[in-house]
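A.B. asks: Quick one: the structure is below, questions incoming.
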Amino acid sequence: MRNRIQLTIIAVLLLVIAALVYKFVVAGSVVRLEDGRQAIVLEPGERAFVLREMRAFVAGLQQMSGALARDDMKAAAAAARGMGMAAAHHAPLAMVGKLPLGFKTLGFSVHRDFDAIALDADSLGDPKHTLAQLSQVLGKCVACHGEFQIQAASSY
């Protein structure tokens with residue numbers, strides 16, 4: 001009888017853990033919008049953090065495109081490096097748990113792509129190659145903006 005109780009408790013705890021993993025790793029905090037996108041619902045400060053990161057991407061993209069226009073591969077690599085995985089490590093963990101898996105997957109792949117762009121820009125020094133890589137990354141930006149919108153929890 002005692003073993004049965006212990007197994008039941010273990011089973012319940014495993015179910016709770018599985019539900020939490022699903023909520024904080026896969027599903028996130030989302031609401032389906034009328035236009036088909038998912039609204040990621042964050043606290044106002046978390047929303048501001050994500051939007052600041054996106055504005056930093058736009059500024060970095062401007063720096064990269066200007067550097068590529070001048071054939072300045074060192075500056076292009078530096079701009080790309082600033083948008084790499086090092087930038088992703090500043091995200092608050094509680095906020096990351098609210099992001100759906102698709103958003104996290106795209107976001108982290110973009111950061112990794114910028115690290116690869118920086119390495120290639122340094123080693124190859126080929127502006128056309130870097131521009132092609134940049135085009136692929138921008139495709140991910142378009143896909144993400146087409147699928148998600150960041151909204152403040154106070155909107156709901």
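Every read-out reported here was derived from the displayed coordinates using simple, explicitly stated rules and does not represent laboratory data. Keep in mind it's a predicted model, so treat the numbers as computed, not measured. All Cβ positions, even for glycine, are placed from backbone atoms using ideal geometry, and neighbour counts span all protein chains on display.
A.B. asks: Give me Asp72, Asp113 ranked fewest to most by other Cβ atoms within 10 Å of their Cβ, as a rough exposure proxy. Display every interim value, and only then the final one.
C.D. replies: Numbers: Asp72 16, Asp113 19.
Ascending number of Cβ neighbours within 10 Å: Asp72, Asp113.
A.B. asks: For the stretch 10-156, what's the relative contact order in percent, using C-alpha pairs closer than 8 Å and at least 6 residues apart?
C.D. replies: Working: 164 pairs, mean separation 51.9, N = 147.
Relative CO of the stretch 10-156 lands at 35 percent.
A.B. asks: Which value, in debye to the nearest 20, gives the size of the charge dipole of the stretch 29-155 about its Cα centre, when Lys and Arg are +1 and Asp and Glu are -1 at the Cβ?
C.D. replies: Details: 13 positive and 13 negative charges, 40 e Å.
Charge dipole of the stretch 29-155: 200 debye, to the nearest 20.
A.B. asks: In degrees from 0 to 90, rounded to the nearest 10, what is the angle of the helix 127-147 Cα long axis to the longest principal axis of the chain?
C.D. replies: Orientation of helix 127-147: about 30 degrees from the principal axis.
A.B. asks: Say the dipole of the chain comes from +1 at the beta carbon of Lys and Arg and -1 at that of Asp and Glu; which of Ser135, Ser109, Leu15 then lies farthest toward its positive end?
C.D. replies: Most positive-ward Cα: Leu15.
A.B. asks: 5 Å is the cut-off here: which amide hydrogens, built 1.01 Å from N in the peptide plane, fall below it relative to Val30, excluding neighbours closer than 5 in sequence?
C.D. replies: Long-range HN contacts for Val30: Val41.
A.B. asks: Note down the net charge around Thr130, summing +1 for each Lys or Arg and -1 for each Asp or Glu among other residues with Cβ under 12 Å from its Cβ. Write down the numbers at each step before the final one.
C.D. replies: Numbers: positive: Lys74, Lys128; negative: Asp71, Asp72, Asp113, Asp120, Asp122, Asp126.
Net of charged neighbours comes to -4.
A.B. asks: Using the per-residue mean of other Cβ atoms lying within 10 Å as a proxy for protection, in what order, highest first, do the peptides 42-52, 6-16 fall? Present the calculation step by step, with values, prior to reporting the outcome.
C.D. replies: Numbers: 42-52: 15.5, 6-16: 10.0.
In decreasing order of mean packing, 42-52, 6-16 become 42-52, 6-16.
A.B. asks: Okay, next question. Could you give the length gained by full extension between Arg55 and Ala152, i.e. 0.36 nm per residue of separation minus their alpha carbon distance, to one decimal place? Could the numbers behind the result be given before it?
C.D. replies: On the way: separation 97, 0.36 × 97 = 34.92 nm, distance 1.73 nm.
Working it through step by step, the gained length comes to 33.2 nm.
A.B. asks: In addition: How far apart, in nm, are two points set 7 Å out from the Cα along the Cα-to-Cβ line at Leu7 and at His89?
C.D. replies: Reported label-point gap for Leu7 and His89 is 4.6 nm.
A.B. asks: Also, quick follow-up: Let me check I've understood the local charge: for Ala69, count other residues with C-beta under 15 angstrom from its C-beta, Lys and Arg +1, Asp and Glu -1. What total comes out? Could the numbers behind the result be given before it?
C.D. replies: Details: positive: Arg70, Lys74, Lys128; negative: Asp71, Asp72, Asp126.
For residues surrounding Ala69, the net value is 0.
A.B. asks: So how far apart, in nm, are the two label points at Ser123 and Leu33 if each is 7 Å from Cα heading toward Cβ?
C.D. replies: That separation, rounded to one decimal, is 3.9 nm.
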